[in-house]
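Inspection log for the structure reproduced underneath, given as C-alpha cells.
The values are calculated or read from the model by the stated rules, or taken from the named source; none is laboratory data. It should be emphasised that the depicted structure is a prediction, and the values quoted were computed from it without experimental measurement. A quick note on method: Cβ atoms are made from the backbone with ideal geometry, for glycine too, and the neighbour counts reach across all protein chains shown.
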Amino acid sequence: MQELIVILVDGLVFSSYLFMVAVGLTVIFGVMKILNVTHGSFYAFGAYMSATLIGAYYSTDWPEFGGFLAIFAAALVVGVFFGIVLERGLLRFLYHRDEHIIVLATFAMFLVLEDVLLIIWGTDPYFAFEPMTLLGSVDIVEMTFDVYSLTLICLAVVVGLGLWLGLTKTKWGKLLLAVIFDREVSQAMGINVTVVFTVTFVIGAIMGALGGAYIAPTISVNPGIGVEVIVLAFAVVVIGGMGSIPGAMIGALLVGISRAAAVHKFPEIELFVIYAIMAVVLSIRPEGLFAPAQARKI
Amino acid sequence: MTVVLEVRDLQKTFGAVVAAKDINVTVNEHEIIGIIGANGAGKTTFVNMVTGYLKPTSGHIEFAGRNIMGLPPRDITNLGISRSFQVPQVFTSESVFDNLQMAYAITEASGMGLLSPLYNDERAARVDSHLKRYQIAEYRNATASTLPQGVRKLLDIAMAAVSNPTILMLDEPTSGISVEEKFGLMDIIMEALRQDETTVLFIEHDMEIVERYVSRVLAFYQGEIICDAPTAEALVDSGVREFVIGEEYHRTRTEAANGQSNGQEGDDNA
Amino acid sequence: MRYVDKTVVGLSIAFVVLLFADFFMAEWMRFIGLQSLARGAVALGLLVLWRTGLVSFGHALYFGIGAYAAAMLTLVGYHDAFFLVLAGTLASGLLAFLLGFLLRRYRAIFFALLNMAFSMILYGVIVKTEELGSTDGFSVLTPTFLGYAPQGEAVQTTLFLFTLVFTYIVTVGVHLYLKTTLGGMSMAVRENEIRVEYLGYSAEKVIHVKYVFSGLVAGFGGAIMALAIGQVDPDSMANWNVSGEFVFITILSGIGNVGATYIGALVFELIRTYAFEYAPQVWQFILGGSLLAIIMFLPDGIWSLIDRLRKSEG
C-alpha cells in the first residue's frame with residue numbers, strides 16, 4: 001500500500017514534468033505540423049537561465065519568495081527570444097519543404113544550440129536549490145516528499161487548463177483551431193496564418209523553457225539535459241497523439257506512472273519502458289491515442 | 001449472355017448513416033452500364049465496395065462465379081476488375097511514359113519476375129502502343145502533374161486498362177472536363193475499351209453522355225438503386241426524373257425518344 | 001551488352017582505385033575511409049527507404065544490432081571477419097524482417113518515430129546489460145580473415161581491403177535491385193499507394209522488402225564499424241543522435257545515386273573529425289551549421305552538384 005502511494009505520487013510528479021515538456025511540442029505540431037527537435041534546447045536554455053536568474057536574485061536581499069518570479073521571467077525571456085528568432089529566422093523558409101527535412105533542420109539547430117549553451121554557461125553544473133529548500137518538505141505515509149516537486153503537479157494542471165480554455169473559449173484559440181483544421185481555407189477566410197504560426201511557435205517555446213526553468217531548482221543543471229528531455233517528450237507526444245493537448249496529458253500520465261512503477265519494482269527496465277509503451281500504443285493505434293484518423297478522398 | 005458480376009443485398013453503414021442499402025445488380029459480359037445519381041447517393045460507395053476499397057457491412061459480391069467479398073483491391077484487380085478515379089490517381093512527379101511503364105511492370109511481373117529489370121524494350125513498345133490507343137502519345141515525356149485535366153483523366157483510365165480487365169469501373173470519367181471536350185474524351189475511351197471487349201460501368205452526371213454511350217442505367221438515390229433499366233426507359237422513369245435528373249434537366253418525351261435511339265447506338269457498340 | 005550502366009562503371013572504377021590506394025594510404029586516412037564506408041552503407045539503407053518516401057529516425061537500431069552481434073560473437077570465440085560481418089548483417093536483416101510486419105503499416109513521421117522508439121529500446125537494453133559493459137561497451141579483438149591473422153599495420157590494410165570488397169558487392173547489389181521492377185516500385189509507392197494497390201500489388205509488401213534491405217545493409221555497416229574501431233558502446237552505436245547522423249549523411253549525399261552515400265559519409269566524417277580536432281568546443285555547432293547550410297542551399301545533396309556538373313559538360 002505504502003509503495004503504491006509512493007509510486008502514485010512519484011508518478012504524478014514525473015507525469016507533470018513530462019506534460020510540461022511535451023505540451024509545447026504538441027501545440028507546435030498541432031498547428032504547424034512541425035516536429036520541433038529544438039524543443040530540447042528551449043528546455044535546456046530555460047533551465048540554465050532560471051538557475052542563473054535564481055542565483056542572481058538570491059545574491060540580493062530581496063524577499064525570498066520573489067525567487068519564483070525569476071523562474072517565470074527566465075521562461076519568458078528564453079521562449080520569446082528563441083521562438084521569434086527560430087521561427088522568423090529559419091523555419092519560415094522551410095514551410096514548403098518535406099516534413100522530414102524540417103525535422104532535420106530543427107535537429108541541426110539543436111546541435112548548434114547545444115554548443116551555444118556550452119559557450120555561454122560552460123560545462124560545470126549549476127545549482128539553484130533556494131526555491132526548493134524554501135518550500136520545505138512534507139510527509140506522506142511516512143515518506144518524505146519535497147513540496148516544490150508537488151507544486152509541479154499544480155503547475156501542470158494550471159498550464160493544461162489554461163491552454164485548453166484558451167483554445168476553446170477565446171477568439172484567438174478559435175482562430176488557431178481553424179488553422180489546424182484547414183490551413184488554406186483559413187488563409188482564404190482572411191486569417192493571418194503567418195502571425196498565427198509565429199505566435200504558436202513562441203507559445204510552444206515558452207512552454208518548453210518553462211518546463212526547464214521550473215525543474216531547474218530540483219536538478220543539477222548540466223549539459224545534456226536537452227537531449228534527455230527531447231526523446232522523452234517525443235515519446236509522450238507520439239503516445240498521446242501528435243497535436244492533441246488531452247493526448248499529451250494522458251500520454252504523460254501513462255508514461256510517468258509506468259516509469260515510476262518500473263523504478264520502484266523493476267529498475268532494470270526503467271529506461272526502455274517508455275519506448276515499449278510507445279511501440280505498443282503505436283502498433284494498436286498508429287496515430288496515437290487521441291489524434292483523429294484521416295481518410296483520403298479518391 | 002454470361003453473368004460476370006453479381007451483387008446481392010449489399011449494405012454499408014457508417015455508424016448511423018446508411019451509405020448503401022439492398023443493392024442488387026447483375027452485370028452481363030460486354031455490357032456498358034451507366035451509374036447515375038446525385039452527389040452522396042452512393043455511387044462511389046458502390047464502386048468502392050465492388051473493388052474492395054470499402055468493406056461492405058453485409059451482402060454478397062460474386063465475380064466470375066467467385067466470392068470476392070472482403071478481398072483487398074489488389075486481389076480484385078488481379079482477378080479482373082479494375083477502376084479509374086474521380087480524382088486521377090497517377091504517379092504525379094513522373095512522366096506519362098514512366099506511369100504506364102510502371103503500370104505494365106506491376107501488372108506483368110509476379111514472383112521472380114519482380115526481380116527482372118523494370119525497363120525492357122518489349123514493354124516500352126507496349127507502353128507506346130497503349131499511349132497511341134488513348135491518344136496521349138504527344139504527352140509521352142510530360143510530367144503527370146503538368147498535364148491538362150483531360151489528359152490526366154485519360155492517363156488514369158489508360159493505367160486502369162493496362163491489365164485488360166474483364167470489368168472496368170470508371171468513376172466520373174468526364175468530371176472536370178469542359179463540355180466541348182467530353183464527347184471526344186469518351187469516344188477515345190469507349191473505342192479503346194470496345195476493342196478490348198471490356199465490360200464497363202461508369203459513373204456519370206451528364207445525361208447526354210449517358211444516353212450516347214450506355215445501354216443500361218443504374219440510378220442511385222440515398223444508397224439504394226431506385227431504377228435498373230435500359231437507358232431510354234430509365235431516363236423517363238418518374239423516380240429517376242424526380243430524384244436524380246432533377247429540375248434543371250427539362251426535356252420533353254420527344255427529346256427523350258431521340259435519346260432512345262442514341263442509347264441503342266450505345267448498345268450496338270457493346 | 002549494348003547498354004552500359006554508368007553507375008556500375010563508376011563504382012567499379014572507384015573500387016579499383018581505392019583497392020590500390022589501400023597500400024599507400026596513411027593510417028588515419030584508412031581509418032576515416034573505413035568509417036565512411038561503414039556509415040555510407042547505413043545511409044545506403046536509408047536511401048532505399050527514402051526513395052519510397054520513408055525516413056527512419058532509428059536506423060541506429062540496425063547499425064547497433066550489426067555491431068553488437070559481431071562483437072558478441074568475438075566474446076564467445078569467433079574471430080573470422082567473414083563470419084562476424086555475415087552474422088551481423090543477417091541478425092539485422094532478421095530483425096528488420098520481423099519488425100517490418102509492424103512498420104510497413106506506417107508512413108511519414110509515424111514511421112520515422114516508431115523506428116526511433118525501437119532503436120531506443122535497444123539502447124535501453126544495452127545500457128542496462130552489465131554483461132555487455134553497459135554504457136562503456138567492450139572491446140572487440142582483432143579479427144582473422146579465413147585463417148589469416150594479420151599483425152600491426154597489416155590489420156587495418158586487410159580490414160580495409162575486406163570492407164572495400166564487400167561494400168562494392170553490397171552497393172552494386174543494391175543498385176541492381178533498385179533497377180528491378182520491385183526496386184523501381186519505390187517510385188510508385190512514394191507517389192501513389194492507392195494506384196499501386198489498384199494495379200494489383202501490395203504497397204506494404206514493397207515497403208517490407210525495402211525495409212529488410214535497409215536493415216541488412218545497416219547491419220553490415222554496424223559490423224564493419226565494430227571491427228574498424230575495435231570497440232562497441234551504446235552511445236556511439238545505438239543512441240538516437242547516431243540515427244540522426246545517418247539521416248544527415250543521406251541528406252548530405254542526396255538520394256540520386258547509390259555511390260553518393262559514401263561521398264556523403266566521407267564528407268561527414270571529415271567535417272566531424274576536423275571540427276572535433278580543431279574546434280572541440282564547437283564541433284556540434286559546425287556539424288549542425290553544415291547540415292543547415294545543406295538543407296537551405298543544396299536541397300538535393302552533393303549528388304545534385306555532380307549532376308549539375310555533368311549536365312553543363314554534356
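Data for the structure
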read-out	value
Candidates C:Glu245, C:Glu277 - the one that is among the charged types (D, E, K, R) and crowded, with 21+ Cβ neighbours inside 10 Å	C:Glu245
Filter pass, B:Val210 being of a type in the set (A, V, I, L, M), modelled with pLDDT of 85 or more, closer than 15 Å to B:Gly37 by Cβ and not in a strand (DSSP E or B)	yes
Of all residues making up region B:166-187, the number that are among the hydrophobic types (A, V, I, L, M, F, W, C), farther than 19 Å from C:Leu199 by Cα and touching a Lys or Arg at 6+ places or on another chain (Cβ under 8 Å)	4
Selected residue (criterion: modelled with the lowest pLDDT) from residues of region A:264-285 that are within 22 Å of the chain's Cα centre (by Cα) and more than 7 Å from chain C (Cβ to nearest Cβ)	A:Glu270
Verdict on A:Asn192 being surrounded by fewer than 18 Cβ atoms within 10 Å (Cβ to Cβ), more than 10 Å from chain C (Cβ to nearest Cβ) and touching a strand residue (DSSP E or B) at 6+ places or on another chain (Cβ under 8 Å)	no
Members of region C:146-185 found to be touching a residue at least 60 places away in the same chain (Cβ under 8 Å), within 14 Å of chain B (Cβ to nearest Cβ) and not in a helix (DSSP H, G or I), listed by number	none
Any hit, region A:106-128, residues being part of a strand (DSSP E or B) and among the small types (Gly, Ala, Ser)	no
Filter result for B:Ile36 (of a type in the set (A, V, I, L, M, F, W, C) and either under 18 Å from B:Glu172 (Cβ atoms) or away from chain C (no Cβ under 14 Å) (or both))	yes
Among the candidates C:Gly256, C:Gly264, residue that is surrounded by fewer than 22 Cβ atoms within 10 Å (Cβ to Cβ) and either away from chain A (no Cβ under 11 Å) or among the basic types (Lys, Arg) (or both)	C:Gly256
Any hit, region C:57-80, residues being crowded, with 23+ Cβ neighbours inside 10 Å, at the interface with another protein chain (Cβ under 9 Å from one of its Cβ atoms) and hydrophobic (A, V, I, L, M, F, W, C)	yes
Residues within region C:122-139 that are in contact (Cβ under 8 Å) with a residue 60 or more places away in the chain, in contact with a Phe, Trp or Tyr (Cβ under 7 Å, 6 or more places away or on another chain) and facing another protein chain (nearest Cβ under 9 Å), tallied	0
Single residue of region B:73-93 satisfying the filter (under 12 Å from C:Glu191 (Cα atoms) and surrounded by 20 or more Cβ atoms within 10 Å (Cβ to Cβ)) that is farthest from the other protein chains (Cβ to nearest Cβ)	B:Val90
Verdict on B:Ala192 being at pLDDT 85 or above and among the hydrophobic types (A, V, I, L, M, F, W, C)	yes
Residues within region C:268-297 that are under 20 Å from C:Val242 (Cβ atoms), touching an Asp or Glu at 6+ places or on another chain (Cβ under 9 Å) and not small (Gly, Ala, Ser), tallied	7
Selection within region C:105-144 - farther than 16 Å from A:Glu268 by Cβ and among the charged types (D, E, K, R)	C:Arg105, C:Arg107, C:Asp136
Lone unmet requirement of (1) in contact with a helix residue (DSSP H, G or I) (Cβ under 7 Å, 6 or more places away or on another chain); (2) within 14 Å of chain A (Cβ to nearest Cβ); (3) over 22 Å from C:Leu34 (Cβ atoms) for C:Thr250	(3)
Single residue of region B:168-186 satisfying the filter (part of a helix (DSSP H, G or I) and within 14 Å of the chain's Cα centre (by Cα)) that is surrounded by the fewest Cβ atoms within 10 Å (Cβ to Cβ)	B:Met186
B:Glu62 vs. criteria touching a residue at least 24 places away in the same chain (Cβ under 8 Å) and facing chain C (nearest Cβ under 9 Å)	no
Residue in region A:161-184 that is at pLDDT below 85, crowded, with 17+ Cβ neighbours inside 10 Å and closer than 22 Å to A:Leu18 by Cα present	yes
Number of positions in region B:94-112 that are within 16 Å of C:Thr181 (Cβ to Cβ) and either hydrophobic (A, V, I, L, M, F, W, C) or at the interface with chain C (Cβ under 7 Å from one of its Cβ atoms) (or both)	10
Flag if C:Gly124 is within 25 Å of C:Gly33 (Cβ to Cβ) and over 21 Å from the mean Cα position of the chain (by Cα)	no
Options A:Ile257, A:Ile250, A:Ile230, A:Ile239: the member that is under 23 Å from A:Gly173 (Cβ atoms) and either within 14 Å of the chain's Cα centre (by Cα) or outside any loop (DSSP other than H, G, I, E, B) (or both)	A:Ile250
Residue list for region C:262-271, filter: closer than 14 Å to C:Gly33 by Cβ and of a type outside the set (Gly, Ala, Ser)	C:Tyr262, C:Ile263, C:Leu266, C:Val267, C:Phe268, C:Glu269, C:Leu270
Residue among A:Ile84, A:Ile54 that alone is over 24 Å from C:Gly53 (Cβ atoms), more than 14 Å from chain C (Cβ to nearest Cβ), touching a residue at least 40 places away in the same chain (Cβ under 8 Å) and surrounded by fewer than 18 Cβ atoms within 10 Å (Cβ to Cβ)	A:Ile84
Condition check for A:Tyr95: touching a Phe, Trp or Tyr at 6+ places or on another chain (Cβ under 9 Å), more than 10 Å from chain C (Cβ to nearest Cβ), of a type in the set (Ser, Thr, Tyr) and closer than 27 Å to A:Val196 by Cβ	yes
